[in-house]
Amino acid sequence: MRYKSTRGGISGLKFSETLLMGLAPDGGLLVPESIPDIQDNLALWKKLSFVELAKEVIGIFADDISKDVLDPIVERAYQDFDHPDVVGLEALENIHVLELFHGPTLAFKDIALQLLGGLFTEILGQTKEHLNILGATSGDTGSAAIAAIRGRPNMDIFIMYPDKKVSPLQELQMTTNLDPNVHCIAIKGSFDDCQNLMKSVFGDLAFKKDFRLGAINSVNWARVMAQIVYYGYISLRFADGCCFSVPTGNFGNVFAAFIAKKMGFPVDRLIVATNENDILHRFFDRGDYSRGETHFTLSPAMDIQVASNFERYLYYLTDCDSARVGRFMAEFANSGKVSMEGPLTDEPFCSATVKNAEMLDALRTVKQNLGYLLDPHSAVGYVAANRFLKELSLPVVTVATAHPAKFPEAMTQAGVDPVAVHQKLEALKSLPTQREIFAADEALVKNFIKERARGV
């Protein structure tokens, strides 16, 4: 398997090179040069456990790592999950819930990032390099990335998050890690400000090279690769496949479902569920991809106006036309909006936007009527799924991305009593914290990296 940039500036990369590069030098995102067709394997793969399927799928994409090295990395990645199947599947009347929050930090990001931690360790151990990982988070990516990287050799991690715009418990999951290789930066602004800073720093190619920067956000293809597994695994649990409703901010999670479908897994329709930050809904609903004002909600991981993984989808939407993708992204960077010329291929997406009040009502009524507690992001997906039930012919699975105990404010506002708690989170409240607070200034972030980065 070889990889290339969505903008055409680089190609022929091995997986290990793709993993360490993160963002392509031309500003594009890395994608496989071809999508593997796995349909002939489905009959056999239906019998596999989650971990067994992960070995098969990841082995296709990471084929420059030998099986005897890769398989133990996959096994170790999922050994600390508290569900026997790694992921859970619960039936709620007409909708199933895919629980992805059984990992160390109680969020779906663990499924990919625990794997990435092992992959980074293996490859850096071979190359004898030190990697300084820079990431931006709207909440769960930061804690999951830190949990995966803390204390590992040959790596430092720098995580930016929007100050006062993640849940207090999400912040504690990041800032209570006092390991010398962990550096938390609270940015005075929105998640989009954090993401723009990250892209600007990576865009300085000399700085990226000098300080050996790597990416752990979903701009790193390995994140998408790992997430393909659970969509394939769950789709095979149903006789004829299923549809997925995915709470969506940065488009990485639902994009993984899209790739699973393209590979041949029995994935049918994909519902893109957004909160008031509805740029993706507007695109799928009426072709309007324009940046708006960020709305701060009780589902903060989705408070995003610019979805970084959308570029990967555009690449396939335009029939892999790198020049067209480049023009699209340049236009968006300049004006904050774009219009797409010419015909577009037909894809499986539909979308919905869910208001804060609708989300809170879903939290309350699902708990009262069905005895199940959603987190606020998963509630957005649940509401969206209900809107499309009548027009979908296959079972609908909504994706539960985080444990509800991470969002007590939403529970309280919804009138859920008692508010969910989790011992892992409660234990954080008495621990010391460390972080830096910066304005959304590229120079400040770069200077901090210069002061703390190792291996340069």
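The values are calculated or read from the model by the stated rules, or taken from the named source; none is laboratory data. Keep in mind the model is a prediction, meaning the values are calculated, not measured. Here Cβ is always computed from backbone atoms with ideal geometry, including for glycine, and neighbour counts include all displayed protein chains.
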Checklist entry - What number of residues in the range 285-302 are part of a loop (DSSP other than H, G, I, E, B), at pLDDT below 90 and touching a His at 6+ places or on another chain (Cβ under 7 Å)? => result 0
Checklist outcome for this item: A careful count of residues in the range 413-431 that are out of contact with any helix residue (DSSP H, G or I) (no Cβ under 8 Å at 6 or more places or on another chain) and either surrounded by 12 or more Cβ atoms within 10 Å (Cβ to Cβ) or under 12 Å from Met359 (Cβ atoms) (or both) gives 1
Checklist entry - Just to be sure, is Arg282 more than 28 Å from Leu48 (Cα to Cα) and assigned to a helix (DSSP H, G or I)? => result yes
Checklist entry - Which strands (runs of 3 or more DSSP E) does the range 131-207 wholly contain that include 2 or more residues that are under 17 Å from the mean Cα position of the chain (by Cα)? => result 131-136, 155-162
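Among the residues of the range 86-109, is any charged (D, E, K, R), surrounded by 15 or more Cβ atoms within 10 Å (Cβ to Cβ) and assigned to a helix (DSSP H, G or I)?
Let us first name the residues in the range 86-109 that are charged (D, E, K, R), namely 90, 93, 99, 109.
With surrounded by 15 or more Cβ atoms within 10 Å (Cβ to Cβ) added as a condition, the list becomes 99, 109.
Right, trim to assigned to a helix (DSSP H, G or I) and you get 109.
Within the range 86-109 (the criterion being charged (D, E, K, R), surrounded by 15 or more Cβ atoms within 10 Å (Cβ to Cβ) and assigned to a helix (DSSP H, G or I)), the answer is yes, since at least one residue qualifies.
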Checklist outcome for this item: Val325 vs (1) surrounded by 19 or more Cβ atoms within 10 Å (Cβ to Cβ); (2) within 20 Å of the chain's Cα centre (by Cα); (3) not polar (S, T, N, Q): all pass except (2)
Item to check | Members of the range 427-453 that are in a loop (DSSP other than H, G, I, E, B) and either out of contact with any Asp or Glu (no Cβ under 8 Å at 6 or more places or on another chain) or not aliphatic (A, V, I, L, M) (or both) | outcome: Leu431, Pro432, Thr433, Gln434, Arg435, Asp441
Checklist outcome for this item: The residue that is nearest to the chain's Cα centre (by Cα), considering only those in the range 26-56 that are part of a helix (DSSP H, G or I), surrounded by 14 or more Cβ atoms within 10 Å (Cβ to Cβ) and not aromatic (Phe, Trp, Tyr), is Ala54
Item to check | Set Ile60, Ile123, Ile65: member being more than 20 Å from the chain's Cα centre (by Cα), part of a loop (DSSP other than H, G, I, E, B) and farther than 23 Å from Ser245 by Cβ | outcome: Ile65
Item to check | Pair list, Cβ under 8 Å, 6 or more apart: the range 428-452 residue within 21 Å of Ala147 (Cβ to Cβ), other residue small (Gly, Ala, Ser) | outcome: Arg435/Ala186; Glu436/Ala186
Next on the checklist: If I ask for residues that are closer than 15 Å to Lys208 by Cβ and among the acidic types (Asp, Glu), which ones from the range 9-54 would you list?
Outcome noted: Glu17, Asp26
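Inside the range 392-426, can you point out the residues that are in a loop (DSSP other than H, G, I, E, B), of a type in the set (Val, Ile, Thr) and under 20 Å from the mean Cα position of the chain (by Cα)? Step through it out loud before you land on a result.
Our first condition is that a residue be in a loop (DSSP other than H, G, I, E, B); within the range 392-426, this holds for 392-395, 401, 403, 407, 415-422.
Applying the additional criterion that residues be of a type in the set (Val, Ile, Thr) yields 401, 416, 419, 421.
Listed by number, the list holds a single entry, Thr401.
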Checklist entry - Among (1) touching a Pro at 6+ places or on another chain (Cβ under 9 Å); (2) within 27 Å of Leu13 (Cβ to Cβ); (3) buried (at least 22 other Cβ atoms within 10 Å of the Cβ); (4) of a type outside the set (Lys, Arg), where does Tyr231 come up short? => result (1)
Checklist outcome for this item: Within the range 367-398, the count of residues that are in contact with a Leu (Cβ under 6 Å, 6 or more places away or on another chain), among the hydrophobic types (A, V, I, L, M, F, W, C) and farther than 22 Å from Thr274 by Cβ comes to 1
Checklist outcome for this item: Given (1) small (Gly, Ala, Ser); (2) under 16 Å from Ala400 (Cα atoms); (3) part of a helix (DSSP H, G or I), Ser245 misses just (3)
Next on the checklist: Which pairs turn up if I take residues in the range 175-197 that are over 26 Å from Arg454 (Cβ atoms) and look for partners that are of a type in the set (Phe, Trp, Tyr) and modelled with pLDDT of 95 or more with beta carbon separation below 9 Å, at least 6 apart in sequence or on another chain?
Outcome noted: Lys188/Phe438; Phe191/Tyr161
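Can you name the residue in the range 10-25 that is in a loop (DSSP other than H, G, I, E, B) and touching a residue at least 60 places away in the same chain (Cβ under 8 Å) and, of all such residues, is farthest from Thr127 (Cα to Cα)?
Keep residues of the range 10-25 that are in a loop (DSSP other than H, G, I, E, B), which gives 10-12, 14, 22, 24-25.
Now restrict to residues that are touching a residue at least 60 places away in the same chain (Cβ under 8 Å): 22, 25.
Values: Gly22: 17, Pro25: 21 Å.
Among those residues, the one meeting the criterion is Pro25.
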Checklist entry - Is it true that Ile35 is closer than 26 Å to Ile149 by Cβ and in contact (Cβ under 8 Å) with a residue 24 or more places away in the chain? => result no
Checklist entry - Is it the case that some residue within the range 278-297 is among the small types (Gly, Ala, Ser) and touching a helix residue (DSSP H, G or I) at 6+ places or on another chain (Cβ under 6 Å)? => result no
Next on the checklist: Pairs please, first residue from the range 410-424 and under 21 Å from Thr297 (Cα atoms) and among the polar types (S, T, N, Q), second anywhere and modelled with pLDDT of 95 or more and assigned to a helix (DSSP H, G or I), Cβ atoms under 8 Å, 6+ apart in sequence or on different chains.
Outcome noted: Gln413/Leu360
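Residues that are in contact (Cβ under 8 Å) with a residue 40 or more places away in the chain and within 21 Å of Asn253 (Cα to Cα): list the helices (runs of 4 or more DSSP H) wholly contained in the range 313-391 that include at least 3 such residues.
Per the criteria, 376-388.
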